[in-house]
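Reading through the structure tokens given below for one structure.
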Amino acid sequence: MLKHHFDENNFNNEIFLRFKIEQAKHIIRRSSEVFGHKLAVAFSGGKDSLVALHLTLQTLGSNIKVIYNHTTVEFPETIKYVKQIAKEWNFELLISKPKKPFLESVKENGWATHENRWCCRPYKEEPAYELMIKEGIEAEITGTYRTESIYRRYLRPIMSPKKNPKITRIHPIFDWNDVEVWMYIRGNNLPYNPLYDMGYKRIGCWCCPLNGPSHYRRLMRTHPYLFNFLLNFEPKHPIASALDVLSNHKNKPKFAIQICHERKNMFHVIFEDKNYGKIITEKLQKIEVHEEGQVVCIPADLRGFLESFTKEIKRLKCFVQ
């Protein structure tokens, strides 16, 4: 009889409401007791930091500083959204900015790569740190949680800095997941960044070269003026330029081949249909596969084999689902 009346969804919701939300508020309260007016909230305009911000305002009130880091390549919707939230929720918004526009640095350094993410420190970390030091802030509340990636699986509620600057990180939703973040947003009817309804999963720098082809296909559709700007920009954007070839080539090729922009002895192959990439993956070894097969990195000495294999790809087209 007990099992007959048991509602799994209601039970899970009760656990979430009674424990995880209260746990998050407790972390915020204890952090406030320790750091007082030297505590701030980091708000990126994304869903996770939105939840951390709302929990903080619910717990401590609006008399707290909120920091937004403007990299100079934020989506225009994000900038408008962040300022609108600050106005509606009546908190003090502080905006940090880098020393020079991001695209100027790209002209000097080239686009960032997985091996050389030269842009993160001067455009994401240092401007915010400098602002916090100037404002006397010693700790910041973030929307980071450990299920975001394997690199954050050991995340704890409060993490002291191991090096300068000595800014302590507070993670009130460290034990949440993506589903619970959206449950909280919808349960509290919070206004969220409109980019999510356009299909974006990440709402950071719109031209980040580490985003996959799906991001730039979406950008082509939702913000064609930004995509076209990238096509005319020098140095060439590694992903946008390849997608432009796929979209506009008269012979409608099934893939575009580029020299690796990370300067490895490899070629980047960007497929129009990721199923072709999956077929290649099954046939070849020692290759890197990204975006579920849409991007394949192949050693330069295998390029001839790849080009000859395109005939086989076309022959197999009828079997591709």
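The values are calculated or read from the model by the stated rules, or taken from the named source; none is laboratory data. Owing to the predicted nature of the structure, the values given are computational and were not obtained by experimental measurement. Please note: Cβ atoms are built from the backbone with ideal geometry, for glycine as well, and neighbour counts cover all protein chains shown.
Checking residue 75 against (1) among the hydrophobic types (A, V, I, L, M, F, W, C); (2) farther than 26 Å from residue 219 by Cα; (3) touching a helix residue (DSSP H, G or I) at 6+ places or on another chain (Cβ under 7 Å), which test does it fail?
Tallying (1) among the hydrophobic types (A, V, I, L, M, F, W, C); (2) farther than 26 Å from residue 219 by Cα; (3) touching a helix residue (DSSP H, G or I) at 6+ places or on another chain (Cβ under 7 Å), residue 75 fails exactly one: (2).
Can you find a residue in the range 126-145 that is aliphatic (A, V, I, L, M) and free of Cβ contacts under 8 Å to residues at least 24 places away in the same chain?
No, the range 126-145 has no match at all.
Give the residues of the range 125-148 that are surrounded by 15 or more Cβ atoms within 10 Å (Cβ to Cβ) and of a type in the set (Lys, Arg), sorted by residue number.
Correct list: 146 only.
Do we have any residue at all in the range 149-163 that's of a type in the set (Gly, Ala, Ser), touching a residue at least 40 places away in the same chain (Cβ under 8 Å) and exposed (fewer than 15 other Cβ atoms within 10 Å of the Cβ)?
no
When you look at residue 25, is it among the basic types (Lys, Arg), in the same structural domain as residue 181 (by TED's automatic domain parsing), surrounded by 14 or more Cβ atoms within 10 Å (Cβ to Cβ) and under 19 Å from residue 136 (Cβ atoms), yes or no?
For residue 25, the condition - among the basic types (Lys, Arg), in the same structural domain as residue 181 (by TED's automatic domain parsing), surrounded by 14 or more Cβ atoms within 10 Å (Cβ to Cβ) and under 19 Å from residue 136 (Cβ atoms) - is not met.
Which helices (runs of 4 or more DSSP H) sit wholly inside the range 157-260 and have at least 2 residues that are within 20 Å of residue 25 (Cβ to Cβ) and at pLDDT 85 or above?
178-187
Specify which of the listed residues (92, 77, 88) is in contact (Cβ under 8 Å) with a residue 24 or more places away in the chain, assigned by TED's automatic domain parsing to the domain that holds residue 172 and touching a Pro at 6+ places or on another chain (Cβ under 6 Å).
77
Which of the residues spanning the range 80-106 are over 14 Å from residue 129 (Cβ atoms) and either assigned to a loop (DSSP other than H, G, I, E, B) or under 16 Å from the mean Cα position of the chain (by Cα) (or both)?
Within the range 80-106, 90, 91, 100, 101 qualify.
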